[in-house]
Amino acid sequence: MERVSSWMLVVMVMVMAVRAERNINRSGGVYWSTAEEEALAQTQTQTKARDDDTAVTDLDADGGFSSLEGMLQWAIGHSDPVQLKETARDVEKLSPTDLSNRQVEIKQLMDELKTPSDAQLMQVAINDLSNSSLSLEDRHRALEELLILVEPIDNANDLNKLGGLVVVTRELDHSDADTRKMAAWVLGKASQNNPIVQKQVLELGALSKLMKMVKSDYAEEATKALYAVSALIRNNVAGQELFYEEAGHLLLQNIMSESSIDIRLRRKAVFLLGDLAECQLENREKDELPFFSSRIFLKSVVDLTSSADLDLQEKALVALKNLLQLKTTEALVFKDFCGLDGALERLRQRLQDLMVEEEHRDYVMDVERLWSEVQQIFDRKLEKHGRFPYDGNAILHQHYLLGDVWYSCVYVMLLIMDLYISNILI
């Protein structure tokens, strides 16, 4: 009977709490308020608090409880201990039928407190963003809520049906940089690996706005904008074509070439380049775009292997691995103009130095495997151009880079013979 009494006491307290909730919330049930309603309710609550020292402080600003636990605590705290004891005694006298009826009652009351669906929560945030008089704080809050809600692909697909994509895209033109940043972030999150949303966002003309934001002096805005650009055009041929029409390759080149630019932006730029090159490899029937074989463009990628940032180095290697496999990129451009052979050797030396440090050992092992792949692809590409007709020449070339005099002489002689034979055959 002790257990029944305790349980039913909780039930009765919950019933009282729900009834109190109903009385406090004059609309007849729990509701989820917009920012405007919250502000009005907050003002009313503060006014009432000044007139009544016993004002309920455990309630949310919209007149509701923040959780069932909060509701229970409020009910216990605002109940008469004597009455609670009497209620407990009454519970002990209830018949099984009465207990069952009380269970039905509490279930009905709890059904009224169901958490709203994600679609309903998104609609509240969208309605807030549609309010031109909304404060910046509430605008940021609405965007933060959408950022979480659009992560599941089904929710992302619902965003446009609710009018959310139009509203969020409009925020890209907001005068506040943080609002623009958050809007770009939401669009990027919703578009990631989602062809349906990618198409919808591209049709709204968001790509052009995002690419302009990438040039912002505010690093946070630029980084989130490039994140959104990457999400929009990843595995999306139509999006990539629009990106190239907007001179996106020059945008990437400028970011990669400028060492003063935020390192996060440079990482995202070279990562996007590697992704675009990989997409080109997967669609070999399509003509390769000219910028992939541009000397200056390729050199900007090779130079990143000398960066002090390990993550940037690794992403540069991934991009080079894909670029080297393209048909239009020339091995001699990589070697003579970009200095890829020297860059790879310097990177190899650095990896060896890092191997001594235990904290970097796992990283070094992964990057060394990637480095080896790039070196092998590079050597094969050189062989196809007649620069290394024999495997032994690659070894001689490595000794040449290390400054070994005897090997250097042999290496130079073989190069001369190579050119001589090539001219005779021509």
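All of the numbers you see were taken from the coordinates with simple rules; none came from a lab. In this text, all values refer to a predicted model and were calculated from it rather than measured experimentally. FYI the Cβ positions are ideal-geometry reconstructions off the backbone, even for glycines, and counts take in every protein chain you see.
Note on F337 and E246: their simple-model spin labels are 2.8 nm apart, each label 7 Å out from Cα toward Cβ. Of the residues K315, K85, K209, the one with the fewest other Cβ atoms within 10 Å heads the list, and the complete ranking is K85, K209, K315. Extension gain for the segment R348 to D262, taken as residue separation times 0.36 nm less the Cα-Cα distance, is 28.4 nm to one decimal. The lysines whose alpha-carbon is closer than 18 Å to the alpha-carbon of K224, local same-chain residues fewer than 8 away aside, are K181, K189, K209, K212, K215, K268.
Computed from backbone phi with θ = phi - 60° and the Karplus coefficients 6.51, -1.76 and 1.60, the 3J(HN,Hα) list for segment 315-332 is 5, 5, 4, 4, 5, 5, 4, 6, 5, 5, 8, 6, 5, 8, 7, 9, 4, 5 Hz; x is used for glycine and proline.
Choose one of S175, I233, Y218: the residue whose Cα lies farthest towards the positive end of the charge dipole of segment 174-241 (beta-carbon charges +1 Lys, Arg; -1 Asp, Glu; about the Cα centre). Positive-end residue among those listed: I233. Which lysines, if any, have their Cα less than 16 Å from the Cα of K384, not counting same-chain residues under 8 positions apart? Once the sequence-local lysines are set aside, what remains near K384 is K327, K335. Of all lysines in the structure, those lying under 17 Å Cα to Cα from K93, and not within fewer than 8 positions of it along the same chain, are K85. Each residue in K161, K321 was given a count of other beta-carbon atoms within 10 angstrom of its own, and listing them fewest first yields K161, K321. Sorted fewest first by neighbouring Cβ atoms within 10 angstrom, R264, R284 come out as R284, R264.
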